[in-house]
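Everything on this sheet refers to the single structure shown next.
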Amino acid sequence: TPDAVAVVFENQQLTYRELNQRANQLAHYLQNLGVKPEVLVGICVERSLDMVVGLLAIFKAGGAYVPLDPAYPQERIALMLNDAQVPVLLTQQHLLGQLPAHTAKVVCLDNDVNWQAVSSAIKQNPLNQTNPANLAYVIYTSGSTGTPKGVTIQHQSLVNFVQATIKEYELQAQDRILQFASISFDVAVEEIFSCLLSGATLVLRTDEMLASIPAFLEKCLILCISVLDIPTSFWHQLTSELSTSKLTLPETLRLVVTGSEKALADTVHTWRKQVEPRLRLVNAYGPTETTVGATVCDLAGTKELIAVEPEVPIGRAIANVQTYVLDSDLQPVPIGVWGELYIGGVGVARGYLHQPELTAHSFIPNPFSNEPGSRLYKTGDRVRYRSDGQIEFNGRIDNQVKIRGFRIELGEIEAVLSQHPDVRSTVVIARQDYSNDKRLVAYIVPELDKQQTTKNLNQHLTDYLSKSLPNYMLPSAFVILDKLPLTPNGKVDRKALPMPDTVRPELELVYQPPQTEIEKTIADIWQEVLHVENVGIYDNFFELGGHSLLLVQVHSKLQKIFQKDLLLVEMFQHPTVSHLARYFSQESREETSFIQHSHRSESRKTSTQRRKQARKEHRAATKERGVSSQSDE
């Protein structure tokens, strides 16, 4: 079906014929640059049609792609480029200034000069010498040694996973599948290639779709999305809004796949109450080292099971994948007994790029197979088999965690923190203190001669970490200790680490309480969502521990109160209470209704007084906004 639409992004689209021809032209060009099997090609692009063209072209040329998220700190991208030693790097013109120094040949996919050379290449499929054992891609994950590690996936593993996914999810040509994840996150492999190999239409997500849950659902309806593959944390939030707001899922939607984190049974029950049974909900599980996914569980059929065992299972192995629950002696444990999950089969990765010792530690010979070279991947996940054959997940046996779908080695954060001259010792943990929301907390013992910097150490450490770690790996709180608690055998007693204070963290800016009604309303919402006391008008949402998913919650609450359209991107542009309040003041010339919609309960008399005071303060703020707008930057 060459004229069927293959990819859609905003108001652009490519048919399968157009996508194939553009990928062919770029593939011929890449082959002339020396790309062939086992050659790694970097791709650092934002979500666009060029992204999909680039991925296919690398495959067609015979190479393996290495995704580099443009949002990553320059230092982290430099580590990946240095480790992968890519000879060719695909990127976009406006990203050139963000890239670190490297030796790769740069091909700008949106550069006219490059495309003049590319477009002169023939449009026919290039000769491809790739075999099933060749590399398909290398995706970097968090590493416990302090640097990211590259997971090497072969074509035979990718093909098996994609074919199993197409069958499991019953993907068909009439489906329209939303591409949600970054290509640096391996779920993008499932979204992109499962879609294209089934002849469906791939719809690339825009940033505006995350403005709020209502905006996301409305856009999915307009785009006629039939399949969603979203992080568990985002699904939790979506389900919560379905239960508290008069929202409905698009009629076109038939399948929702969630994964990357533990799904909550209460959320599954809430989902069933709000959603028609016709819509499938699938819980997927799998480490990057076993090619995206290894098990699936159709939650439509687990009602009685969850009632007996109040945990959501991760299901059974997909085709050509084997799962084993073993003890410390690599012996199978009985049904119902906890053990460590080991995964075998065609999905097991080749190993870690340039790290033979780590590969040998994590990928072991398969004692249950007579096939030469058969291996098992040691996941580090604590699981058990249920009586019905479903696998139940119960956390980690090491210090690896998942935050909002991202796999994080706490040791990597600790290794970077330990290099700071003000830090004597440190430990980082993930706390799930309220609302089942996980947050990273760093415990710091400062150098004795650096005690005078303790007050501002939080901000200094955040700035220091942000130079080398992505945002999702930055701790939301720092706790200063005289010493770390130890167990009798001398190890850090993580269970004895104190809870972080809910008071406002010490920042360089002096605390100034909110004054106007708008400021008070915004600060109240921040305190509610962030569980932080005493939010001041100059506090930065992200410095208080906020992140993008929490910002979506704030956005939704603000829209309900102020009854106005507000793009999520505008909230990124106004990260302080004062800045955001001034934005609302500028946009709202008539302050007549926002207090009536306030989430605080108060008497009519108090409400009237506050409304009068808000009008007075609004007039003053509006009058002065021209001379004070820069003070909040």
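The values are calculated or read from the model by the stated rules, or taken from the named source; none is laboratory data. No experiment lies behind these values; they were computed from the predicted model shown. Here the Cβ is made from the backbone with ideal geometry for all residues, glycine too, and neighbour counts use every protein chain on show. For accessibility, only protein heavy atoms count, side chains too; no ligands or nucleic acids. Shrake-Rupley method; radii C 1.70, N 1.55, O 1.52, S 1.80 Å.
Within region 289-312, being among the β-branched types (Val, Ile, Thr), open to solvent by 20 Å² or more (accessible area, probe 1.4 Å) and at pLDDT 90 or above holds for one residue alone: 296. Would a scan of region 86-101 turn up a residue that is among the small types (Gly, Ala, Ser) and more than 15 Å from residue 183 (Cα to Cα)? Checked against the condition, which is being among the small types (Gly, Ala, Ser) and more than 15 Å from residue 183 (Cα to Cα), region 86-101 yields at least one hit. Any residue at all in region 13-22 that is aromatic (Phe, Trp, Tyr) and out of contact with any strand residue (DSSP E or B) (no Cβ under 7 Å at 6 or more places or on another chain)? Looking through region 13-22, none of the residues is aromatic (Phe, Trp, Tyr) and out of contact with any strand residue (DSSP E or B) (no Cβ under 7 Å at 6 or more places or on another chain). Here is the figure for region 59-76: residues that are touching a Ser or Thr at 6+ places or on another chain (Cβ under 7 Å) and either part of a strand (DSSP E or B) or open to solvent by 10 Å² or more (accessible area, probe 1.4 Å) (or both) total 4.
Could you list, in sequence order, the residues of region 332-348 that are exposed (fewer than 14 other Cβ atoms within 10 Å of the Cβ) and aliphatic (A, V, I, L, M)? Selection gives 335, 337. The number of residues in region 135-160 being modelled with pLDDT of 85 or more and more than 27 Å from residue 18 (Cβ to Cβ) comes to 15. Picking from residues in region 456-471 that are in contact (Cβ under 8 Å) with a residue 24 or more places away in the chain, assigned to a helix (DSSP H, G or I) and open to solvent by 30 Å² or more (accessible area, probe 1.4 Å), the one that is nearest to residue 546 (Cα to Cα) is 471. Screening region 150-171 for residues that are closer than 13 Å to residue 229 by Cβ and among the hydroxyl-bearing types (Ser, Thr, Tyr) and picking the one that is surrounded by the fewest Cβ atoms within 10 Å (Cβ to Cβ) gives 169. Does at least one position in region 6-15 carry a residue that is touching a Leu at 6+ places or on another chain (Cβ under 6 Å), buried (at least 20 other Cβ atoms within 10 Å of the Cβ) and small (Gly, Ala, Ser)? Yes, region 6-15 contains a residue that is touching a Leu at 6+ places or on another chain (Cβ under 6 Å), buried (at least 20 other Cβ atoms within 10 Å of the Cβ) and small (Gly, Ala, Ser). Answer yes or no: is there a residue in region 23-37 that is small (Gly, Ala, Ser), under 25 Å from residue 473 (Cβ atoms) and open to solvent by 10 Å² or more (accessible area, probe 1.4 Å). No, every residue in region 23-37 fails to be small (Gly, Ala, Ser), under 25 Å from residue 473 (Cβ atoms) and open to solvent by 10 Å² or more (accessible area, probe 1.4 Å). Entry remark, region 1-34: residues being under 30 Å from the mean Cα position of the chain (by Cα), more than 16 Å from residue 109 (Cα to Cα) and not in a strand (DSSP E or B) number 3 in total. Restricting attention to region 537-558, does a residue exist that is under 25 Å from residue 480 (Cβ atoms), modelled with pLDDT of 80 or more and touching a Phe, Trp or Tyr at 6+ places or on another chain (Cβ under 8 Å)? Scanning region 537-558 turns up no residue that is under 25 Å from residue 480 (Cβ atoms), modelled with pLDDT of 80 or more and touching a Phe, Trp or Tyr at 6+ places or on another chain (Cβ under 8 Å). Only one of the numbered conditions (1) open to solvent by 10 Å² or more (accessible area, probe 1.4 Å); (2) at pLDDT 95 or above is not met by residue 101, and that is (2).
The single condition among (1) of a type in the set (A, V, I, L, M); (2) in contact with a Leu (Cβ under 7 Å, 6 or more places away or on another chain); (3) free of Cβ contacts under 8 Å to residues at least 12 places away in the same chain that residue 403 does not satisfy is (3). Looking only at residues that are assigned to a strand (DSSP E or B) and open to solvent by less than 10 Å² (accessible area, probe 1.4 Å) in region 393-414, which one is modelled with the lowest pLDDT? If we take residues in region 393-414 being assigned to a strand (DSSP E or B) and open to solvent by less than 10 Å² (accessible area, probe 1.4 Å), then 403 is modelled with the lowest pLDDT. All conditions but one from (1) assigned to a helix (DSSP H, G or I); (2) farther than 18 Å from residue 184 by Cβ; (3) charged (D, E, K, R) apply to residue 38; the one that does not is (1).
Candidates 56, 79, 40: the one that is open to solvent by 10 Å² or more (accessible area, probe 1.4 Å) and over 29 Å from residue 474 (Cβ atoms) is 56. Apart from one condition, residue 132 fits all of (1) out of contact with any helix residue (DSSP H, G or I) (no Cβ under 6 Å at 6 or more places or on another chain); (2) open to solvent by 10 Å² or more (accessible area, probe 1.4 Å); the exception is (1).
Selection within region 276-288: residues that are modelled with pLDDT under 90 and of a type outside the set (Lys, Arg). The member of this set that is farthest from residue 170 (Cα to Cα) is 276. Got at least one residue in region 195-207 being touching a residue at least 12 places away in the same chain (Cβ under 8 Å) and under 15 Å from residue 294 (Cα atoms)? For region 195-207, residues touching a residue at least 12 places away in the same chain (Cβ under 8 Å) and under 15 Å from residue 294 (Cα atoms): absent.
Residues in region 494-504: is at least one at pLDDT below 65, over 27 Å from residue 581 (Cβ atoms) and of a type in the set (S, T, N, Q)? Within region 494-504, not a single residue is at pLDDT below 65, over 27 Å from residue 581 (Cβ atoms) and of a type in the set (S, T, N, Q).
Scanning region 189-200 for residues that are assigned to a helix (DSSP H, G or I) and surrounded by fewer than 22 Cβ atoms within 10 Å (Cβ to Cβ) gives 196, 197.
Of the helices (runs of 4 or more DSSP H) entirely within region 230-330, those holding at least 1 residues that are closer than 22 Å to residue 213 by Cβ occupy 232-244, 265-274. Considering 388, 449, the condition of being at pLDDT below 85 and either over 26 Å from the mean Cα position of the chain (by Cα) or assigned to a helix (DSSP H, G or I) (or both) is satisfied by 449 alone. Every condition in (1) in a loop (DSSP other than H, G, I, E, B); (2) out of contact with any Pro (no Cβ under 9 Å at 6 or more places or on another chain); (3) within 25 Å of residue 472 (Cβ to Cβ) is met by residue 153 except one, and the failing one is (1). For region 224-254, give me each residue that is surrounded by fewer than 19 Cβ atoms within 10 Å (Cβ to Cβ) and out of contact with any helix residue (DSSP H, G or I) (no Cβ under 9 Å at 6 or more places or on another chain). Selection gives 224, 244, 246, 254. Restricting attention to region 172-184, does a residue exist that is in a helix (DSSP H, G or I), open to solvent by 10 Å² or more (accessible area, probe 1.4 Å) and closer than 19 Å to residue 46 by Cα? No - not one qualifying residue is present in region 172-184.
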